[in-house]
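A.B. asks: Please see the structure below; I have some questions.
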Amino acid sequence: MKPPRFDYVAPRSLDEALGILAEHGEDTKVLAGGQSLVPLLNFRLVRPAHLLDLNDIPGLDGIRVADGRLVIGAMARQRAVETSGLVRERCPLLADAMPQIGHVQIRNRGTVGGSLAHADPAGELPAVVAALDGELVLRSARGERRLAPDRFFVSYLATAIEPDELLVEARLPVAPARTGTAFVEVSRRHGDFALVGVAASVTVDDGGVCTAAAVALTGVGPTPLAARDAARALVGVKPTPAAIEDVGRRVAAPLTPDSDLHASSDYRKHLAAVLTRRALTRAAARIAEGDLTGERR
Ligand SMILES: Cc1cc2nc3c(=O)[nH]c(=O)nc-3n(C[C@H](O)[C@H](O)[C@H](O)COP(=O)(O)OP(=O)(O)OC[C@H]3O[C@@H](n4cnc5c(N)ncnc54)[C@H](O)[C@@H]3O)c2cc1C
């Protein structure tokens, strides 16, 4: 299939892009890496009157640390994030997740902003942002707003981005000392979207007692799911196998995932418990090994 006809526009500045969206936002689709949008256009599942290409706008692809946050520009390529030393050092959970997104050819073009805006509940990046309770920065000609993941991700492939808004940054907290992380998933073939994935982060004090823990899942509902109450059960105790097993049970218990062509509801629920256990075990082991950068996999 070929896409339907559209007007193509490639603004050279963010202000120009926001001006176009203010006027034509309702009939416009934004093009980032094109890895999800171009197939949708070719299958004519979306039929925008205008296609607004972000690729010529300078300054949207930065990766930096500011105010204790790792700040990733929406147009940062997934591969640039994957190979960034700063990301490995400051936000190892994000570094853990990146190589699991599709194939390297997809990550060469695909962007962080595109993945978050596409909001596939099987996507790794939405789960990382949910686990770490990051901030999504939206800009329009009307101004700027920052949303927590719970407000940003609305449903399957749906976000709170208004037609005149662009996602410009994701801001993630820098990992505290003595933090270990892991992202584990099960997919039918290498490079496929995972059936279920788990992002986990564990922080301990000098005595090895957990001071903070986070778990978020892909593939178990219409949005990434942050299992905050279940993860909190680890705080105040050492991350022993029994304590970790308990969190896995707590994560899976309230879930009611849909069955589909790829996996039954029961199997996804089973994976949620098993993968939570594996992710927390690996995260805790990394603290013990001093491997906090996600470099050894
Ligand atoms: C074969 C294959 C396998 C894949 N496997 C995985 C996988 O395992 N895990 C995974 O997470 N992803 C996977 N993907 C998707 C991939 O990560 C995409 O790159 C990503 O979902 C979209 O990013 P993009 O930059 O290509 O965005 P585009 O395709 O250009 O855009 C996607 C959507 O986001 C909107 N958008 C883009 N940028 C912005 C912005 N800054 N502000 C507002 N709206 C915006 C677009 O209008 C569009 O609706 C796969 C893709 C393919 C083709």
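A.B. asks: So for region 179-190 (the condition being within 16 Å of Ala127 (Cβ to Cβ), crowded, with 16+ Cβ neighbours inside 10 Å, in contact (Cβ under 8 Å) with a residue 24 or more places away in the chain and among the small types (Gly, Ala, Ser)), does at least one residue qualify?
C.D. replies: Yes - at least one qualifying residue is present in region 179-190.
A.B. asks: Open to solvent by 50 Å² or more (accessible area, probe 1.4 Å), β-branched (Val, Ile, Thr) and assigned to a helix (DSSP H, G or I): is that true of Val65 in this structure?
C.D. replies: So Val65 fails the test.
A.B. asks: Let me ask something else about it. Quickly run through region 56-74 and pick out the residues that are in contact with a Gly (Cβ under 6 Å, 6 or more places away or on another chain) and either free of Cβ contacts under 8 Å to residues at least 12 places away in the same chain or over 16 Å from Leu172 (Cα atoms) (or both).
C.D. replies: Leu60
A.B. asks: One residue is enough: does region 194-202 have a residue meeting the conditions out of contact with any strand residue (DSSP E or B) (no Cβ under 9 Å at 6 or more places or on another chain) and within 12 Å of the ligand (Cβ to nearest atom)?
C.D. replies: No, every residue in region 194-202 fails to be out of contact with any strand residue (DSSP E or B) (no Cβ under 9 Å at 6 or more places or on another chain) and within 12 Å of the ligand (Cβ to nearest atom).
A.B. asks: For residues that are among the hydrophobic types (A, V, I, L, M, F, W, C), within 21 Å of Pro173 (Cα to Cα) and either modelled with pLDDT under 95 or in a loop (DSSP other than H, G, I, E, B) (or both), tally how many sit in region 210-262.
C.D. replies: 3
A.B. asks: Within region 1-14, how many residues turn out to be surrounded by fewer than 12 Cβ atoms within 10 Å (Cβ to Cβ) and not in a loop (DSSP other than H, G, I, E, B)?
C.D. replies: Counting residues in region 1-14 that are surrounded by fewer than 12 Cβ atoms within 10 Å (Cβ to Cβ) and not in a loop (DSSP other than H, G, I, E, B) gives 1.
A.B. asks: Identify all residues within region 87-125 that are more than 7 Å from the ligand (Cβ to nearest atom) and of a type in the set (A, V, I, L, M); write none if there are none.
C.D. replies: Across region 87-125, the qualifying residues are Val87, Leu93, Leu94, Ala95, Ala97, Met98, Val104, Val112, Leu116, Ala119.
A.B. asks: Among (1) farther than 20 Å from Pro92 by Cα; (2) of a type outside the set (S, T, N, Q); (3) in contact with a Lys or Arg (Cβ under 7 Å, 6 or more places away or on another chain), which single condition is Ala263 missing?
C.D. replies: (3)
A.B. asks: Still on this structure, I have one more. I'd like the full set of residues that are within 11 Å of the ligand (Cβ to nearest atom) and either open to solvent by 50 Å² or more (accessible area, probe 1.4 Å) or without any contact (Cβ under 8 Å) to a residue 12 or more places away in the chain (or both), limited to region 37-54.
C.D. replies: Val38, Pro39, Leu40, Leu45
The values are calculated or read from the model by the stated rules, or taken from the named source; none is laboratory data. Since the model is a prediction, treat every value here as computed from it, not as a measurement. Using ideal geometry, Cβ is built from the backbone for each residue, glycine included, and neighbour counts are taken over all protein chains shown. To get the accessible areas, we keep the full protein, side chains included, count just its heavy atoms, and leave off ligands, DNA and RNA. Shrake-Rupley method; radii C 1.70, N 1.55, O 1.52, S 1.80 Å.
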